[in-house]
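Each remark here refers to the structure printed beneath this line.
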Amino acid sequence: MSFGTLDSSPPPFFKQGYSAITKLVFYSALSLFLMMGDSRFNLSYPLRTGLSFIIYPIQWIAMRPTVWTSEFLQMTQDRQEAQNKEIETHQKLLKQSLRALQVDQLELENLQLRNILGLRERLQTHGTAAEVLYDAADPYTRKLIVDKGALQGVSLSSPVMDEFGILGQVTTVHPLVSEVTLVIDAENSIPVLNTRTGARGVAFGEAGGAPLLELRYMATNADIEVGDDLTTSGIDGVYPPGIPVAKVTQVERKAQSVFARILCAPQGKVQGARMVMILDPLLTQLPAKPVPEKPASNSMAGKK
């Protein structure tokens, strides 16, 4: 066979076909066409539904180790948290029991001293349990709506507290519900007593919007420190004395200012409280104020 008769074309195995650029353009155009068609006409929805139905058992089986591990870790964490909470509650109960014993002793001594001095008995504070329904609709105030009203014996100015301390006082009473203004409201004020020094003051709701109180009109050289506990003083005739109100968190003393800026964190759960206790205001138990005698008029004095 001569060389002229040989076929110069490559065998079929080595044929290139379409070029790579041509394939890239074609498949890119096909992908764009399919994406546009799927977005507008949802062409691949039946296919995706069928595939998801087929793949779901495989996905469910593949996810079981992860789900079981997560549940086991969560169960372990919940158990540890429950144990820690039980220990904390037990310790708190022991402290409260010790304090209750001391309070009983102090009350006995106080009763003996009052009998010796001839003072009247301490006022008894009664309360009504209530549940917080929702926050007030006004976003510029700090108020709560509770499910007890005038029909349950709630009256205006009644103090409201939770298991941690004072929350505020009742400012509006309806037949079935009442509105409670919190101690952090900018228009609210409450007389307080520093348990460390015995100094009295007035705490106002922080106007800046933060859930804090401000102890105003305290001199820059006043003996007050971060960490001091503030309780109700009981001199306003509304709040019973000795109930926790706030804890001092910040004290700013400036040379050019007469008063110090003192910020306090409320002890009561002013954000997220669910169950509260509405107390009877002390003013209802105090004796009425004496009516001053009217002085004789000048005309009567002239006639005499």
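The values are calculated or read from the model by the stated rules, or taken from the named source; none is laboratory data. Remember, it's a predicted structure, so these values are computed and weren't measured experimentally. Cβ placement follows ideal geometry from the backbone for every residue including glycine, while neighbour counts extend to all protein chains displayed.
One residue alone among LEU123, LEU133 is modelled with pLDDT of 75 or more and either touching a Leu at 6+ places or on another chain (Cβ under 8 Å) or part of a strand (DSSP E or B) (or both), and that residue is LEU133.
Against the list (1) within 21 Å of the chain's Cα centre (by Cα); (2) surrounded by 15 or more Cβ atoms within 10 Å (Cβ to Cβ); (3) closer than 23 Å to ALA129 by Cβ, the condition ARG274 fails is (2).
Within the set of pairs 6 or more residues apart or between chains, which connect a residue that is farther than 10 Å from LEU215 by Cα inside region 242-263 to a residue that is buried (at least 18 other Cβ atoms within 10 Å of the Cβ) and acidic (Asp, Glu) with Cβ atoms less than 8 Å apart? Pairs that qualify, where the first residue is farther than 10 Å from LEU215 by Cα and the partner is buried (at least 18 other Cβ atoms within 10 Å of the Cβ) and acidic (Asp, Glu), are LYS247/ASP228.
Would you mention how many residues in region 158-175 are buried (at least 17 other Cβ atoms within 10 Å of the Cβ) and under 17 Å from GLY127 (Cβ atoms)? Qualifying residue count for the region: 12. Tell me, which residue of region 176-199 that is under 24 Å from the mean Cα position of the chain (by Cα) and β-branched (Val, Ile, Thr) is surrounded by the fewest Cβ atoms within 10 Å (Cβ to Cβ)? Among those residues, the one meeting the criterion is VAL177.
Scanning for something at pLDDT below 90 and either in a strand (DSSP E or B) or closer than 27 Å to VAL180 by Cα (or both), does region 295-303 turn up at least one residue? No, region 295-303 contains no residue that is at pLDDT below 90 and either in a strand (DSSP E or B) or closer than 27 Å to VAL180 by Cα (or both). Out of all the residues in region 73-89, is one or more closer than 30 Å to VAL170 by Cβ and surrounded by 10 or more Cβ atoms within 10 Å (Cβ to Cβ)? The answer is no, given that none of the residues of region 73-89 is closer than 30 Å to VAL170 by Cβ and surrounded by 10 or more Cβ atoms within 10 Å (Cβ to Cβ). Does GLY268 qualify as being surrounded by fewer than 20 Cβ atoms within 10 Å (Cβ to Cβ) and either part of a loop (DSSP other than H, G, I, E, B) or assigned by TED's automatic domain parsing to the domain that holds GLN169 (or both)? No; evaluated as a whole, the condition is false for this residue.
Just one of (1) in contact with a helix residue (DSSP H, G or I) (Cβ under 6 Å, 6 or more places away or on another chain); (2) on the phi > 0 side of the Ramachandran plot fails for VAL173. It is (2).
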